[in-house]
Amino acid sequence: MAWQKSVVALAAAVVLPLTGVVAGSSAAAEGDVSAAALPPGSPAAVNGQLKVCGVKLCNQAGQQVQLRGMSTHGIQWYSQCVKTASLDALANDWKADVLRISMYIQEGGYESNPRKFTDMVHGYIEEATKRGLYALVDWHQLSPGDPNHNTSRAKTFFKEIAQRHKDKTNIIYDIANEPNGVSWSRVKSYAEAVIPTIRAEDPDSLVLVGTHGWSTFGLSDGKDINEVSRNKVNASNLMYTFHFYAKDHRDSYLNALKTVSSQVPVFVTEFGSQEASGDGPNDFTMANKFITFMNSAKISWTNWNFSDDKRSGAVFKGGTCSGNSFTGVGPLKEAGKWVRNHIRANR
């Protein structure tokens, strides 16, 4: 369901927009990116280390919490949209709690230059931390759909991320974006291979794992959505991810979300009010049904996506990311106005 590559100018991706580190260089070795402190009163400072409590997400005080925020588009294509002005707007104007850092593995992403993309993620984690946002590190595996294709790469990447950031309390590891065309047992075996690599460095932080059928608990593959609850990943402080696009994914998907979230801890790491392609007309009526339920059940979510891509699901109007004006509703498409309102609600 995550969008495929669109034709964009890649020049802006040559330099990391926030750190000034040349992508692919060794200049971002450990210690070169200054450690950021969580601002007092910010979401990550207030809630601290996140823990799974039953089927809910709780903060350091054991209180149930719901995070709301945005996912970047693929950072190999839209790094120009993730910069000082846009992140300031996300934290201060949108009042978000979390930034999902979407690093594709194939499609010109991590596989093509592991050093470059690992350094980019390091930089984005620091920038999220400076603003008191949770940094959700998204291993955006999409095609091939079997995450085991990338097990070795995932271990290498997450070992370094965990080593560098293990002392932070705002890190969330999302180890498989949208497994597809693969059985749940294969996804489970991948998760149980990768999670120990993270836990060896960072025993406390929240880990997320995508479910089969493009993170629909198998629904989009015609599978039994209860399979995950009958065969859980053997790991602690773990949540499972669910994705939906409201124009295409109707009441059956909402009912599935209601069912699985009563069985296991669920985090909606990607959704939109459009078609599954991330384009087409918005269906805010259906999307509001999902939002209403997620709010009532305190299910955390990040919306797709924080870019100015031409598709209707990209929140910014075309050309916005070439400038520095991101606050208010002026730069936003209709989907952007809608999701900004829902992030800001009851803040």
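The values are calculated or read from the model by the stated rules, or taken from the named source; none is laboratory data. Values in this document were obtained by computation on a predicted structure and should not be read as measured data. For neighbour counting, all protein chains shown are included, and Cβ atoms are generated from backbone atoms with ideal geometry for every residue, glycine included. Note: areas computed on protein heavy atoms with side chains; ligands, DNA, RNA excluded. Shrake-Rupley method; radii C 1.70, N 1.55, O 1.52, S 1.80 Å.
With respect to the conditions (1) among the small types (Gly, Ala, Ser); (2) under 28 Å from Val264 (Cα atoms); (3) at pLDDT below 95, Ala44 lacks only one, and its number is (3). Within region 76-86, being of a type outside the set (Phe, Trp, Tyr) and buried (at least 24 other Cβ atoms within 10 Å of the Cβ) holds for Gln76, Ser79, Cys81, Val82, Ser86. A count restricted to region 156-181 and to residues that are aliphatic (A, V, I, L, M), touching a helix residue (DSSP H, G or I) at 6+ places or on another chain (Cβ under 6 Å) and closer than 20 Å to Glu270 by Cβ stands at 3. Screening Tyr173 against (1) part of a helix (DSSP H, G or I); (2) among the hydroxyl-bearing types (Ser, Thr, Tyr); (3) under 13 Å from the mean Cα position of the chain (by Cα) leaves a single unmet condition, (1). In region 69-108, what residues are farther than 20 Å from Asn170 by Cα, assigned to a loop (DSSP other than H, G, I, E, B) and in contact with a strand residue (DSSP E or B) (Cβ under 6 Å, 6 or more places away or on another chain)? Matches in region 69-108: Gly74 only. Within region 192-214, if we keep just the residues that are open to solvent by 10 Å² or more (accessible area, probe 1.4 Å) and among the acidic types (Asp, Glu), the residue that is farthest from Lys168 (Cα to Cα) turns out to be Glu192.
Taken as a whole, the condition of being crowded, with 23+ Cβ neighbours inside 10 Å, touching a residue at least 40 places away in the same chain (Cβ under 8 Å) and among the aromatic types (Phe, Trp, Tyr) does not apply to Phe271. None of Lys317, Lys310 is of a type outside the set (A, V, I, L, M), open to solvent by 30 Å² or more (accessible area, probe 1.4 Å), farther than 15 Å from Asp88 by Cβ and touching a residue at least 40 places away in the same chain (Cβ under 8 Å) except Lys310.
When Ser277 is tested against (1) without any contact (Cβ under 8 Å) to a residue 60 or more places away in the chain; (2) more than 23 Å from Val137 (Cβ to Cβ), only condition (1) is not met.
Here is a check on your reading of the model: is Trp139 touching a Lys or Arg at 6+ places or on another chain (Cβ under 8 Å) and buried (at least 18 other Cβ atoms within 10 Å of the Cβ)? Lay out the reasoning, then the answer.
Details: touching a Lys or Arg at 6+ places or on another chain (Cβ under 8 Å): no; buried (at least 18 other Cβ atoms within 10 Å of the Cβ): yes.
Spelling it out, it is not the case that Trp139 is touching a Lys or Arg at 6+ places or on another chain (Cβ under 8 Å) and buried (at least 18 other Cβ atoms within 10 Å of the Cβ).
Which condition does Asn92 not pass, out of (1) touching a Leu at 6+ places or on another chain (Cβ under 9 Å); (2) within 28 Å of Arg344 (Cβ to Cβ), if it passes all the others? So the condition that Asn92 fails would be (1).
Restricting region 295-307 to residues that are more than 15 Å from Arg340 (Cβ to Cβ) and not hydroxyl-bearing (Ser, Thr, Tyr), the residue that is surrounded by the most Cβ atoms within 10 Å (Cβ to Cβ) is Ile299.
Those residues that are among the aliphatic types (A, V, I, L, M) and without any contact (Cβ under 8 Å) to a residue 60 or more places away in the chain, I need them from region 47-92; list them, please. Ala61, Ala91, listed by residue number.
Checking each residue in region 322-343 for being hydrophobic (A, V, I, L, M, F, W, C) and within 19 Å of Ala91 (Cβ to Cβ) picks out Phe326, Val329, Leu332, Val339, Ile343.
Close contacts from region 229-248, counting a first residue that is among the β-branched types (Val, Ile, Thr) and a second that is not in a strand (DSSP E or B), with Cβ to Cβ under 6 Å and a gap of 6+ residues or different chains, come to Val233/Lys188; Val233/Ala191; Thr241/Ser215.
Cβ separations smaller than 9 Å between residues 6+ apart or across chains give the following pairs from region 115-136 residues that are open to solvent by 10 Å² or more (accessible area, probe 1.4 Å) to residues that are in a helix (DSSP H, G or I) and of a type in the set (Ser, Thr, Tyr): Lys116/Tyr110; Glu127/Thr84.
Return a yes/no flag: does region 234-253 have any residue that is open to solvent by 60 Å² or more (accessible area, probe 1.4 Å), within 23 Å of Ile172 (Cα to Cα) and not basic (Lys, Arg). Don't jump to the end; show me each part of the working.
Filtering region 234-253 for residues open to solvent by 60 Å² or more (accessible area, probe 1.4 Å) gives 234, 236, 247-248, 250-252.
Now narrow it down to the ones that are within 23 Å of Ile172 (Cα to Cα): 234, 236.
If we keep only those that are not basic (Lys, Arg) too, we end up with 234, 236.
Among the residues of region 234-253, at least one is open to solvent by 60 Å² or more (accessible area, probe 1.4 Å), within 23 Å of Ile172 (Cα to Cα) and not basic (Lys, Arg), which makes the answer yes.
Name the single residue that is nearest to Arg68 (Cα to Cα) among those in region 334-347 being in contact with a Phe, Trp or Tyr (Cβ under 8 Å, 6 or more places away or on another chain) and surrounded by 20 or more Cβ atoms within 10 Å (Cβ to Cβ). For region 334-347, the residue satisfying everything is Ile343.
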